[in-house]
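Scroll down for the structure; my scribbles are underneath it.
What follows is calculated from the coordinates using simple rules that are stated; it is not laboratory data. Here the structure is a predicted model, which means the values were calculated and not measured. Note that we place each Cβ from the backbone using ideal geometry, even for glycine, and neighbour counts take in every protein chain shown.
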Amino acid sequence: MKYYILFGPPGAGKGTQAALLRDKHNLCHLSTGELLRAEIAAGTALGAKAKELIDNGMLVPDEVVEAMIENKFDTTGGVSGFLLDGFPRTVAQADALKRILARRGQKVDAVLSIMIPDSTIRERIRHRAEIEGRADDASEATISNRIATYHAKTEPLISYYKDAGLYREIDGTGIIDEVNAALSALMQVASSAPLPYAPDALAPIISKETIDFHYGKHLKTYVDNLNNLVKGTAFENMSLEEVVCKGEGGIRNNAGQVLNHNLYFTQFCPASDYSAPDGKLLEAISGTFGSYDGFVEKFSAAAASLFGSGWAWLSADADGRLVITQEANAANPVQKGLKPLLTIDVWEHAYYIDYRNARPAYIKALMQIINWKEISRRYEA
Ligand code: ADP
């Protein structure tokens, strides 16, 4: 089951896009705004309470929308997933969603964000007021309140979901079909994780040329291959990790390479931003390997001695204990029930441009650009 959040300011076109995506990807479109308007139309007690708040551009209490969402999860069948529209709208609601999904053994797959400037928000809502006649679209004061509520309460979710590695943003100012194609691309099984740094920011340790080839061409090929291979199969609606664990042959290999590369490219930071591991992760590193230096020695040796193409990994087992493994070709530690934390790609395409055949020099340099905050996040997630 997939759980997508459709994110964006009022008037971003979430409803329009949700209707298109729902049909294309067999999803249930869950719009809290529509659910609340249905309560109002039916004249329920909840509707009466919600109406006044909505008409003033304010939010309805968390427990009301959370109960509505949970009820829909319980009573909806026959779909491949859910497209949440208008929920979560606050950090508290995002925490609640995490808890609701965890109880079901599920998690958010991606946050698909449609961005438009405030001036476009106003134009779109005024236009919609003429067509749909929604009460909360009618007055400029209510629109202003909704925009202010969005900036104050909902916008903080951008960094919340960026920190969780789930945030994907597209430009919502184009025509409906363009926006839809961009959103659909984000919902395919495979996509390249956005780089959290500029392509030249890791130079000279990883040059822009290597990023252009390794991220821009090698990873893209695996992404395209996988999306083509899974078309029309049961794998189409699985998470990437599931495809890696359940797939075979070309599907498993391409999925493994997408997962491996996405973890690899999102684990770095410019050398000037480097800070050493700390907190729980450092405790675990010291507990297992004696010290950080002891870890680097073992991890580097695993990467240097791996024969042929593959990946060296630091992972955590179910009890939070750390292990170093060598995985051949496209394999990933998730196949062994481990949680992958940190990796060194020792396929030659990762280092040949910058280091030629000097794999140990590449491994040594890489340790200066590891974003340990991200590795800690993965460890504690
Ligand atoms: P829009 O996103 O265009 O403002 P919606 O249809 O999503 O419109 O929501 C309309 C109104 O319903 C909101 O302004 C708010 O008052 C209420 N509402 C919708 N979703 C939530 C939510 N998750 N939490 C609290 N209030 C909500």
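The table that follows gives values for the structure above.
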read-out	value
Most mobile of Ser31, Ser291, Ser80 in a GNM of the chain (Cα contacts under 10 Å)	Ser291
Net lengthening on full extension, Asp212/Ile131 (0.36 nm per residue, minus Cα-Cα)	24.5 nm
Nonlocal amide H pairs with Phe268, under 5 Å, H built at 1.01 Å	Asn371
Stretchable slack from Ala271 to Lys339, in nm (0.36 nm times residue separation minus alpha-carbon distance)	21.9 nm
For the chain, built as a Gaussian network whose Cα springs stay under 10 Å, the top-fluctuating residue of Thr266, Thr44, Thr343	Thr44
Helix-only mean residue ellipticity at 222 nm for the chain, each DSSP H run of n ≥ 4 adding -39500 (n - 2.57), per residue, nearest 500	-15000 deg cm²/dmol
Choice from Asp85, Asp118, Asp345 showing the highest fluctuation, given a GNM over the chain with Cα pairs closer than 10 Å	Asp118
Value of Rg/Rh across the chain [Cα atoms, Kirkwood radius]	1.01
Length released on extending from Thr75 to Arg321, taking residue separation times 0.36 nm less the Cα-Cα span	84.7 nm
Calculated FRET value between Lys220 and Phe307, using beta carbons and R₀ = 22 Å, to 0.05	0.20
Cα-based Kirkwood hydrodynamic radius, the stretch 208-380, one decimal, Å	16.7 Å
Pair Glu178, Leu46: separation of 7 Å Cα→Cβ label points (nm)	3.9 nm
Whole-Å distance, taken between Cα centres, linking the stretch 234-256 and the stretch 18-92	32 Å
Cβ-defined net charge surrounding Pro333, 9 Å radius [Lys, Arg +1; Asp, Glu -1]	+1
Set of the stretch 136-151 residues, backbone N closer than 15 Å to the point 7 Å along the Cα-Cβ line of Asp55	136-143
Cα→Cβ-extended label distance, 7 Å offset, between Asp95 and Leu195, nm	3.6 nm
Paramagnetic label zone (point 7 Å from Cα along Cα-to-C-beta, Glu34; backbone N under 12 Å) in the stretch 79-105	83-86
